[in-house]
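Quick notes on the structure that follows.
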Amino acid sequence: MSTVDPTMGTLEIAPALARADLLAPPVAAALAALDGTLPADAVGVAEIDPALADTAAFCERYGVSPAVSANCVVITGRREGQARYAACVVLATTRADVNGVARRQLDVRKASFAPVDEAVAATGMEYGGITPIGLPTDWPMLVDEAVAKTGSVVIGSGIRGSKLRLPGRLVAAIPGAQVLPGLGVPVNP
């Protein structure tokens with residue numbers, strides 16, 4: 001029996017592995033590989049209108065609070081001539097401290113958001129749907145402490161047409177995750 005709560009806001013949530021058609025291929029593969037290590041039956045997926053995948057429009061339309069909506073952004077920097085990438089996972093009420101906390105973890109002089117085409121090519125996911133599950137395994141995955149402490153979060157599924165729902169503690173338990181206080185900086189109202 002699944003432990004996925006079937007509702008959040010107006011979303012209708014199903015067990016993610018039962019609806020692999022709503023996941024980007026790297027996300028489906030990672031969830032299947034983690035089943036047994038990470039309680040994949042606690043990860044749900046909900047179909048959404050792809051035009052409403054961006055956080056503000058999504059939260060408004062589906063009645064999901066930004067306080068439980070997480071964003072995953074890909075950052076990059078260079079060290080010794082080599083590009084380095086990392087993913088930052090923060091709540092929608094914050095922004096990633098790219099040139100502070102994240103830059104120090106990536107060990108580069110300057111960090112910035114990865115160009116869209118690079119992020120999409122490197123992850124195999126759609127822009128606006130990138131998620132920490134299924135990212136390249138050699139990338140650091142930086143998770144704001146507030147995400148890890150949130151009961152359940154909604155985040156991309158690798159495509160714009162759906163969202164994942166999972167306990168924040170499971171985001172922190174994804175292999176390679178590093179929980180960092182202060183990664184998410186409050187957004188000015």
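The values are calculated or read from the model by the stated rules, or taken from the named source; none is laboratory data. Everything quoted here is computed from the prediction, not taken from an experiment. Every residue, glycine as well, gets a Cβ built from its backbone with ideal geometry; the counts of neighbours run over all protein chains shown. Areas reflect the complete protein model, heavy atoms only, side chains present, ligands, DNA and RNA absent. Shrake-Rupley method; radii C 1.70, N 1.55, O 1.52, S 1.80 Å.
Here are the numbers for the structure shown:
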| item | result |
| --- | --- |
| Surface per residue (accessible, 1.4 Å probe) for the chain, Å² | 47 Å² |
| Charge dipole magnitude, Cβ of K and R +1, D and E -1 - the chain, Cα centre, debye nearest 20 | 600 debye |
| Low-density loop cleavage sites - GluC sites (Glu not before Pro) in the stretch 25-98, where at most 15 other Cβ are within 10 Å (DSSP) | Glu80 |
| The stretch 1-145, accessible surface, carbon-and-sulfur percent (1.4 angstrom probe) | 52 percent |
| Scattering curve values for the chain, log₁₀ I(q)/I(0), Debye with Cα scatterers, q = 0.16, 0.17 Å⁻¹ | -0.93, -1.06 |
| Kirkwood Rh (inverse of mean 1/r, distinct Cα pairs), the stretch 82-189, angstrom | 14.0 Å |
| Lys/Arg +1, Asp/Glu -1 at C-beta; the chain dipole; positive extreme among Val147, Thr123, Ser157 | Val147 |
